[in-house]
Amino acid sequence: MFQTLYSYFWWERLWLPANLTWADLEDRDGRVYAKASDLYITLPLAFLFLVVRHLFETYVATPLAGLLNVKEKIRLKATPNAVLERFYAATTKHPKQADVELLSKRSGCSVRQVERWFRRRRNQDRPSLLKKFREASWRFTFYLIAFIAGMAVIVDKPWFYDLREVWKGYPIQSMLPSQYWYYMIELSFYWSLLFSIASDVKRKDFKEQIIHHVATIILISFSWFANYIRAGTLIMALHDSSDYLLEVRPPHSPQPHPMSPPHSPSSSPPQSAKMFNYAGWRNTCNNIFIVFAAVFIITRLVILPFWIMHCTVVYPLDLYPAFFGYYFFNFMMVVLQSLHIFWAYLIIRMAQKFITGKVVEDERSDREETDNSEEEEEVAAVKNGPLSNGHPPALNNNHRKTD
């Protein structure tokens, strides 16, 4: 049965145009072609990437955060409470008003104390500023190196300047060592992103990120199987051109302290800008956001659909009739393009706020919660000493601070 499924999966009509077989892509006369077995190396390389990432974040990103004066915000911890903790873990992190009132009776806390406990407990689960900085530093470093390497791989090739050259002689197109390593490293990195996504900083587009990683892995793998390598290198380099700036994800700017003096509105800078954002370099973030937005829109909404996708949809039909692989590859391209439109919509919304002078916040971000009572407690803690079990000591003006 396994052999039958294997035969169906590798049926030549699924992967190659009519009148071509896998025998046509066997190495001969010094010409080397892509093979499915080449991709086995990407899984151990993905785990190697996770190890390198850990070392990078520990010995490079963390000291860099210190040099850039990235400071953690002090968070008030929720007082240990078994009843509330059980509800938080098993039911929901955002209880409705009826649940709050019921939990108030069960836990012996006032309604306001229950609401405050859930706010603090949710804040405890949110990623720290250092974690965000380390993750941004790692991705920025990889994408910048990948973009430089990608350009080095394709800039001297004729198909970089004439897209019809992408299909010249297809699929009998020999593979170059530089193309091999570019593919293996890119695919391994996306595997590592998929493996680590559960522990990475989560945002509202978490599902879209999973779809993006899976679609990218499928697209890279399929283009390797079907020897779409020339088109694949162009697509990967095009994506890397903006990923190192923002990794397609503009973060939110930290909210100002309610008691701090007003300042000029700042934009919410993107990925390379995330590091400067967390370090408080707002003007640098603003400038990078402008550059990122322009590069993203030009590459993802103009060059990709009107040049690259036109190349993969129209030009192949001049050489051979459409086959399953042709439809599948372009379908996955449409999936990616749909995600690009979704993220472009968020970026444009941010750009509108930036132009109108409003404080820009990431549309996908899960902002840390606070309220005036929290700030009052922090001030009281400074004046009267440390908090006791998460609550301030009684005020010395014959008035009790009510919850």
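The values are calculated or read from the model by the stated rules, or taken from the named source; none is laboratory data. Model, not experiment: these values are computed from the prediction. A quick note on method: Cβ atoms are made from the backbone with ideal geometry, for glycine too, and the neighbour counts reach across all protein chains shown.
Observations
- Applying the criterion of being buried (at least 19 other Cβ atoms within 10 Å of the Cβ) and of a type in the set (A, V, I, L, M, F, W, C) to the residues of region 114-137, the residue that is nearest to LEU234 (Cα to Cα) is ALA136.
- Filtered residues of region 146-185 (kept if within 15 Å of VAL52 (Cβ to Cβ) and either free of Cβ contacts under 8 Å to residues at least 60 places away in the same chain or within 17 Å of the chain's Cα centre (by Cα) (or both)): ALA146
- Checking HIS54 against (1) under 30 Å from PHE222 (Cβ atoms); (2) assigned by the TED database to the domain that holds TRP191, the condition it does not meet: (1)
- Residue satisfying all of: in region 142-182; touching a helix residue (DSSP H, G or I) at 6+ places or on another chain (Cβ under 8 Å) and of a type in the set (Gly, Ala, Ser); surrounded by the fewest Cβ atoms within 10 Å (Cβ to Cβ) among these: ALA152
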